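Worksheet: one structure, shown below.
Just so it is clear, none of the values below were taken in a lab; they were calculated from the coordinates. Fair warning: this is a prediction, and the values are worked out from it, not measured in the lab. Every residue, glycine as well, gets a Cβ built from its backbone with ideal geometry; the counts of neighbours run over all protein chains shown.
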Amino acid sequence: MSRAPIIAIDGPAGAGKSTSARALAQRVGLAYLDSGALYRAVAWKMRDRKIDLTCQADVEAACVGLRVTWSPAGVAVDGALATEHLRDPEVTLASAVIAVYPGVRNLLIETQRGMAGDGVVAEGRDIGTVVFPNADVKFYLDAQPEVRAARRAKETQRIDTAILLNEIVARDDRDSHRAVAPLLPAADAIVIDSTPLTLSEVIDRMMAEIRRRGLRVS
């Protein structure tokens with residue numbers, strides 16, 4: 001292979017996608033792309049513009065010409081950095097609303113594909129199925145809901161793990177049954193259950209598959 005590879009990592013909330021993707025990207029010397037951050041950034045911009053998020057037509061119209069970029073500085077929308085707002089609870093809820101709109105997805109699919117020219121480790125919920133269906137290797141990272149809730153509680157410094165568990169189960173159901181790009185493993189994805197694994201063990205399994213396929217990484 002003469003070009004740098006595209007590595008796709010999908011899975012539900014709290015499975016460890018972001019942590020694993022960042023660590024893997026550093027390990028193999030590729031750019032890291034968090035697709036969820038892009039959706040959150042667009043949601044932040046829609047809220048900033050006071051767009052009615054429940055009106056699909058209004059949101060999709062506001063996306064026309066929108067420029068979303070990813071750099072070491074963070075995610076920017078039309079030049080305005082959105083990074084510090086991406087974990088705001090309101091933005092999180094808003095991103096889940098707009099993520100099902102085809103106009104939003106089409107914008108960000110093209111944005112993500114444009115970021116993969118020099119190879120990328122991209123993570124999300126439809127990376128291997130929709131965004132990069134021809135990715136050189138695809139992983140689907142999963143874990144038991146209770147474990148994912150505990151991880152998310154630690155990450156967000158929330159103590160209401162039971163509420164987080166309910167939110168995760170509801171999100172799983174919504175993402176898995178949505179009409180547009182539902183959450184599911186690509187047919188050719190390597191499924192990794194991270195429930196009993198450390199981060200190092202997850203990365204080691206991924207690296208073993210990358211080496212087995214002879215992908216050109218550093």
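Points worth noting:
- The average projected area of segment 103-213, computed from the convex hull of its Cα atoms over all directions, is 8.2 nm².
- Hits among lysines - C-alpha to C-alpha of LYS17 under 16 Å, sequence gap 8 or more where chains match: LYS138, LYS154
- Normalised by residue count, segment 36-117 yields a Cα convex hull volume of 83 Å³ per residue.
- Overall shape: oblate for the chain, with the ratio a/c of the largest to smallest alpha carbon gyration tensor axis at 1.5 or above and b/c at least equal to a/b.
- In the elastic network of the chain, a GNM with C-alpha springs shorter than 10 Å, the most mobile of ASP34, ASP188, ASP142 is ASP188.
- Taking the DSSP bridge list for the chain and keeping only pairs wholly inside it, about 25 percent are antiparallel.
- For segment 36-117, with +1 on Lys and Arg beta carbons and -1 on Asp and Glu, the positive-most of ALA96, GLY65, THR111 along the dipole: THR111
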